[in-house]
Amino acid sequence: MSEHIPAPAAVTAATSGRFGRRKGMESRKTVTFGDASEVTTSKVWMVISLGGLMLIWWLIKRGPEPMIDDKTFPGQRQVWDAFTRWLREGYRRGSAWEHTWASLSRVLKGLLVGTIIGIPVGFAMGLSRWLRGIFDPIVELFRPIPPLALLPLFIMWFGIGEQSKVNLLVWASVWVMIIAARAGVLGVGGSKVHAAYSLGANRWQILRYVILPNALPEVFTGIRVALGVSWGTLVAAELLGTEVGLGATIYIASRFFRMDIVVVNILVIGVIGVAMDIVMRILEARLIPWRGKG
């Protein structure tokens, strides 16, 4: 009896079907349980979530007897009117652009200095065990201290001018960058280092082509976290000694019970923070395409 032999086309189709299904399952597993950067948030759900927040806001202010009065929390129309007036006329001694640029420049200066200090220290801690033993107690001692608690000391040391504000933001970001850089170096697999040594690489080449590329994803994550922490510290940094800046505007407007101006500047800080995070994600996708791929 002759054995039935399937046609090559049928074998190819069956094989490709099995491997295609397996590849599809693996790709779904990779997206779901692997690299988080591959999971993109649906724009539809983003619109729904923002629309839900606006709806909740509208419902709270709706009715003849709203849950929260205008003096405590303004309505959407009040905030919109205050925003357009803020764009046209500014507030007190600065225009909208001057307030925004003053705060943005302080955050960027603090983040830049914190990154320049934090990344080398973190790399040194990750590469050297005795340096890690020296710096670890210092980092763990000062990292939990909130920047607001140090505001009186910074004013005494650096005055109430620009330097104290930037230094407070440096304090807020430097510890995040140290921990991120240290985690990036310590996360490099030993097998990659040994493989590079076996191929004849020296220490500089291992640092340049093995450790640095594998640590960059953690460094970028640290920058994104440090950006958020810096924006959160901004209001405290602008409490005293200035009348220009988003945080200063919030503080001054609250003293005059201008809650509409307060909410406008809070929303501006949030929008700028989201925009900067999106820019960081785009740069990360362009500069570190190998993230999560082994």
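Among the conditions (1) surrounded by 13 or more Cβ atoms within 10 Å (Cβ to Cβ); (2) under 30 Å from V188 (Cβ atoms); (3) modelled with pLDDT of 90 or more, the only one that G126 does not satisfy is (3).
With respect to the conditions (1) at negative phi; (2) touching a residue at least 60 places away in the same chain (Cβ under 8 Å), G228 lacks only one, and its number is (2).
Would you call G161 within 24 Å of L108 (Cβ to Cβ), in contact (Cβ under 8 Å) with a residue 24 or more places away in the chain and open to solvent by 20 Å² or more (accessible area, probe 1.4 Å)?
Yes; evaluated as a whole, the condition is true for this residue.
Among the residues of region 101-116, which ones are of a type in the set (G, A, S) and surrounded by fewer than 24 Cβ atoms within 10 Å (Cβ to Cβ)? The answer is A102, S105. Assigned by TED's automatic domain parsing to the domain that holds A236 and within 17 Å of V139 (Cβ to Cβ), is that true of V210? Judged against the criteria, V210 is not a match. Could you check region 214-240 and list, in sequence order, the residues that are closer than 21 Å to W97 by Cβ and either assigned to a helix (DSSP H, G or I) or not acidic (D, E) (or both)? Listed by number, the residues that qualify are L227, S230, W231, L234, V235, A237. If you check V166, V225, V176, V170 for being open to solvent by 50 Å² or more (accessible area, probe 1.4 Å), β-branched (V, I, T) and under 20 Å from the mean Cα position of the chain (by Cα), only one passes: V225. Against the test of being assigned to a helix (DSSP H, G or I), within 24 Å of the chain's Cα centre (by Cα), surrounded by 15 or more Cβ atoms within 10 Å (Cβ to Cβ) and free of Cβ contacts under 8 Å to residues at least 24 places away in the same chain, the options I211, I250 yield a single qualifying residue, I250. Quick check on E218: is it open to solvent by 30 Å² or more (accessible area, probe 1.4 Å), touching a helix residue (DSSP H, G or I) at 6+ places or on another chain (Cβ under 6 Å) and under 30 Å from A201 (Cα atoms)? Yes, satisfied.
Is it the case, given these coordinates, that Q78 is open to solvent by 30 Å² or more (accessible area, probe 1.4 Å) and closer than 26 Å to V263 by Cα? Yes; evaluated as a whole, the condition is true for this residue. For V193, indicate whether it is of a type in the set (A, V, I, L, M, F, W, C) and at pLDDT below 85. Considered against the rule, which asks whether it is of a type in the set (A, V, I, L, M, F, W, C) and at pLDDT below 85, V193 comes out as yes.
The values are calculated or read from the model by the stated rules, or taken from the named source; none is laboratory data. Owing to the predicted nature of the structure, the values given are computational and were not obtained by experimental measurement. Note: ideal-geometry Cβ built from the backbone for every residue, glycine included; neighbour counts use all protein chains shown. Note: areas computed on protein heavy atoms with side chains; ligands, DNA, RNA excluded. Shrake-Rupley method; radii C 1.70, N 1.55, O 1.52, S 1.80 Å.
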